[in-house]
Amino acid sequence: MDTAKYGPCDIASYIARLRAEGELLAGAAELAGFDAPVPACPDWRVRDLLKHLGYVHRWAAGYVREQHVRWVDRASEAEILRGGPADEALAGWFRDGHAALVRALEAADPGMTCWTFLEAPSPLAFWARRQAHETAIHRADAELAAGAVTPFDPEFAADGVDELATGFAPREGLAARPQATRTLQLHAADTGDDWHLVISPGGVGARRGRREADAVLSGPAQGLYLLLWNRQDIEAASATVSGDTGVLLLWRDTMQVRWT
């Protein structure tokens, strides 16, 4: 990854975005109700969303605050969802963990070192960016459970596409790989950003910029952000795809992201 083009936000801006996204999420969760289903996660209710992200915020804050240089074992997803506080305390518990993560990032020495799992200019930059987007995507989940998604800043949404395309996709690959190499061009029409993905039997490669591709997916940055994270379909994302639409289906059906 070219970390010189890491994103449009500096660390302080990512932290500010994290703060705002968490506040929006908490409000949307309370509006939807804790028993409301989460459309993008069919097995989840809103309470599960809060338990998951509340745990992730505490987990991330531990790396920043205690500067762990190696992976620290964590609870399984099943344990996370079985645990956590009762409904009457859940919103406050979520807000406390979110605020603690924001404070940990704000107080961290820019030169500190700790474990990370994607390439970044610094560990602090990694955790600020990752948690801003983790919270933003789950904020969309909570808002979709409540009704409609508050618009994202286009530059931030494009940065989220960049993290997914150049960070997660090469790391994770696809659960079902094609027998022959296929290519997908992404174009954010409102910001002018482009990414070229090469999906091969050996994994996924990604580069910024525009090249010939088997399929071209174009739309506003917010639409690409939510579509590629499987939060919206192509119509809701106001996006279009030309060429071999099977390439996009391959991505959408088999892209799997783990948060470690």
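The values are calculated or read from the model by the stated rules, or taken from the named source; none is laboratory data. Given the structure is predicted, the values throughout are model-derived calculations rather than measurements. For neighbour counting, all protein chains shown are included, and Cβ atoms are generated from backbone atoms with ideal geometry for every residue, glycine included. Side chains are part of the model used for accessible areas, which takes the heavy atoms of the whole protein and leaves out ligands, DNA and RNA. Shrake-Rupley method; radii C 1.70, N 1.55, O 1.52, S 1.80 Å.
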Which one is farthest from Phe117 (Cα to Cα) among residues in the stretch 36-70 that are among the small types (Gly, Ala, Ser) and open to solvent by less than 30 Å² (accessible area, probe 1.4 Å)?
Ala36
Ala176 part of a loop (DSSP other than H, G, I, E, B), more than 30 Å from Gly54 (Cβ to Cβ) and open to solvent by 10 Å² or more (accessible area, probe 1.4 Å):
yes
Out of Pro121, Pro170, report the one residue that is under 22 Å from Trp229 (Cα atoms) and open to solvent by 50 Å² or more (accessible area, probe 1.4 Å).
Pro170
Counted residues, the stretch 215-228 - those being in contact (Cβ under 8 Å) with a residue 40 or more places away in the chain and surrounded by fewer than 22 Cβ atoms within 10 Å (Cβ to Cβ):
1
Taking first residues from the stretch 179-196 that are free of Cβ contacts under 8 Å to residues at least 24 places away in the same chain and second residues anywhere that are part of a strand (DSSP E or B) and among the hydroxyl-bearing types (Ser, Thr, Tyr), the pairs with Cβ under 7 Å that are 6 or more apart or on different chains are Thr181/Ser200; His196/Thr183
